[in-house]
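In what follows, a single structure is set out as structure tokens and then discussed.
The values are calculated or read from the model by the stated rules, or taken from the named source; none is laboratory data. Nothing here was measured: the structure is a model prediction, and the numbers come from that model. Counting neighbours? That spans all protein chains shown, and the Cβs are built from the backbone with ideal geometry, glycine included. Note: areas computed on protein heavy atoms with side chains; ligands, DNA, RNA excluded. Shrake-Rupley method; radii C 1.70, N 1.55, O 1.52, S 1.80 Å.
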Amino acid sequence: MSTYLLCRNHSFLLYNQSLYGDTSWADWFGVIGRGLLLDLSLAGYLAVIPGFLFIFSAWTLSNALRRFWCGYYLFISILLSIILTVDIGLYPYWGFRLDATPLFYFFSSPADAVASVSVWMVIGGILVMAVYAAVLYALFYNILLPKKYFRRMKVPYRRLRVSGVLLLLTGLLFIPIRGGFTVSTMNTGKVYFSTNQRLNHAAINPAFSLMESLSKQKNFSKQYRFMEAGEADRIFSELLDPAVLGKDTVVADSLQQMPDSLRSLFTVERPDVYIVIMESFSSKLMKTLGGTPNVVVNLDSLAQEGVLFTNFYANSFRTDRGLVSILSGYSAQPTTSIMKYPRKTQSLPAIAGSLKNAGYSTRYYYGGDADFTNMRSYLMSSGFDDIISDQDFSVSERLSKWGAHDHLVFNRLLADMKDEAAGEENDAPRFRVLQTSSSHEPFEVPYRRLQNDRLNAFAYTDSCIGDFVAKFRELPRWKNTVILFVPDHLGLIPKISAILR
């Protein structure tokens, strides 16, 4: 297994050297080190069956058991060789690591799937698979299961006790398989570490990527096609802004003739942009929007001096779907999350990417686990240069189930703002996103103003927002900054809605 893990990185980078010609040795080590997370998880999956075979070996050493060992290692050798070879060959054309997509095309239309592949390429690929499978199986056969060692093995006297120990050791494989004990489980997004997407792709284990993709297969076309394509295009065309499309020159000209005060809310052309995404907030909490008073008093106050959007609704009921809606303008689906598909999210447009191309520096702040539901891969793909998450806070600061409490995250943002002001030019535009987490179950916060725990958690995050804005006002860049406060989704139904009534 270690041979496979070592070869799959080096062979991929060497074969696609034309795509990685500008990478340094540090990048190579970064790919190997970061990719080790998925490698260990895959090794855990593949070691489960040998673990049970060891347990059976405590009761019998029959030839049938040894043949099963050999058969399993042969199957794994062939499977890994096919995956590695196909992945290396397809990446320059597809631009993503192996998943279920090639299988879909091959089984739906085998002739078309291989139409652009030459005979010599097919022959070469088969030879590489055969050689690699032979080498891998030889290592398995001669190192992990030598025939002479198998014959010398004896059934232990205390078979039940030995079986229990082996079962416990096999159960411990759950740790690398899951990826630890954090709220996030192992996913391909965990290996993303660079703003260079090709380096992130190189760190992905293709066998794990294929396995993950096969487990998430859904027929989206049948779920979301409610009308004929022509009818949908006609309705959508009526919704488009003619001024944006340039079809209505009269409207476009009139917009250009408007005074600047009517066309812009900002005092500069490229203001700093801060987005605070508030966990589970709702208009039901704001007196300004007809909700209960004395809960989010700071937001109510800010609503009086800023621009309040009164016809703005949550796009979903989960954070992973709401984030993509806010930052990429991608509507959420009811039964799945686009964030769980890194191959798809890497193609989505995003505010961070657009502002980065315009010269903005980008950074994301979150006190929780950035690997939850493939969040890291989405954020890196969308254009964020840096992600501050739970691992950037000390263990003593990660006292919440979700990581660091909101006031610590806001304080980190403020500290970075002051450091940036001292270390870089004042006219460098910034794009920062801060995602809160404390107003989430179990609603345990270091703050007490309201008797109800749920409402008190929202009041706590609101107090953090008020402190942040008050301190931000004292900084020089305040006058050239726009701050947007937006919830990720509604989290008040049904329990808190009943409280508010």
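What number of residues within region 19-31 satisfy the criterion of being part of a helix (DSSP H, G or I) and free of Cβ contacts under 8 Å to residues at least 12 places away in the same chain? Let's see the steps before the verdict.
Within region 19-31, the subset part of a helix (DSSP H, G or I) is 19, 25-31.
In the following step, the residues that additionally are free of Cβ contacts under 8 Å to residues at least 12 places away in the same chain were identified as 25-26, 29.
Going through region 19-31 one residue at a time, the tally reaches 3.
Yes/no per residue for (1) open to solvent by 50 Å² or more (accessible area, probe 1.4 Å); (2) at pLDDT 85 or above:
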site	(1), (2)
Ala100	no, no
Phe104	yes, no
Ser118	yes, no
Ala130	yes, yes
Ala133	no, yes
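Taking Leu199, is it touching an Asp or Glu at 6+ places or on another chain (Cβ under 8 Å) and modelled with pLDDT of 85 or more? In short, yes. Of all residues in region 268-286, those satisfying the criterion of being among the charged types (D, E, K, R) and crowded, with 16+ Cβ neighbours inside 10 Å are Asp272, Glu279, Lys284. Taking the criterion of being in contact (Cβ under 8 Å) with a residue 60 or more places away in the chain and loosely packed, with under 15 Cβ neighbours inside 10 Å, the residues of region 49-69 that qualify are Phe52, Trp59, Thr60. Of all the criteria given as (1) out of contact with any Lys or Arg (no Cβ under 9 Å at 6 or more places or on another chain); (2) within 20 Å of Met417 (Cβ to Cβ); (3) assigned to a loop (DSSP other than H, G, I, E, B), the one not satisfied by Leu302 is (3). For region 304-323, filtering for residues that are over 13 Å from Val486 (Cβ atoms) and of a type in the set (A, V, I, L, M, F, W, C) leaves 1.
Quick one: in region 374-412, which of the residues that are open to solvent by less than 30 Å² (accessible area, probe 1.4 Å) and part of a strand (DSSP E or B) is modelled with the lowest pLDDT? Write out each step before concluding.
Filtering region 374-412 down to residues open to solvent by less than 30 Å² (accessible area, probe 1.4 Å) leaves 374-375, 377-384, 387-390, 393, 400, 403-406, 409-410.
From what's left, part of a strand (DSSP E or B): 387-388, 400, 403.
Details: Ile387: 96, Ile388: 96, Ser400: 85, Gly403: 91.
Of everything passing the filter in region 374-412, Ser400 is modelled with the lowest pLDDT.
Please tell me if Phe317 is under 19 Å from Gly368 (Cβ atoms), open to solvent by 60 Å² or more (accessible area, probe 1.4 Å) and either within 28 Å of the chain's Cα centre (by Cα) or of a type in the set (Asp, Glu) (or both). The answer is yes for Phe317.
Out of Val122, Val165, Val86, which single residue is in a helix (DSSP H, G or I), over 30 Å from Ala370 (Cα atoms) and at pLDDT 90 or above?
Val165
Tallying residues that are among the basic types (Lys, Arg) and either surrounded by 21 or more Cβ atoms within 10 Å (Cβ to Cβ) or out of contact with any Lys or Arg (no Cβ under 6 Å at 6 or more places or on another chain) (or both) within region 349-369 yields 1. Quick check on region 439-484: of everything there that is assigned to a strand (DSSP E or B) and buried (at least 18 other Cβ atoms within 10 Å of the Cβ), which residue is farthest from the chain's Cα centre (by Cα)? Looking at the filtered set, the residue picked out is Thr481. Tyr91 passes every criterion in (1) out of contact with any helix residue (DSSP H, G or I) (no Cβ under 7 Å at 6 or more places or on another chain); (2) under 24 Å from Leu166 (Cβ atoms); (3) of a type in the set (Ser, Thr, Tyr) apart from (2).
Can you go through Ser400, Ser382, Ser437, Ser463 and tell me which one is under 20 Å from Val482 (Cβ atoms) and out of contact with any Cys (no Cβ under 8 Å at 6 or more places or on another chain)? First the steps, then the outcome.
Working: Ser400 fails: under 20 Å from Val482 (Cβ atoms); Ser437 fails: under 20 Å from Val482 (Cβ atoms); Ser463 fails: under 20 Å from Val482 (Cβ atoms).
None of the others qualify; the one that does is Ser382.
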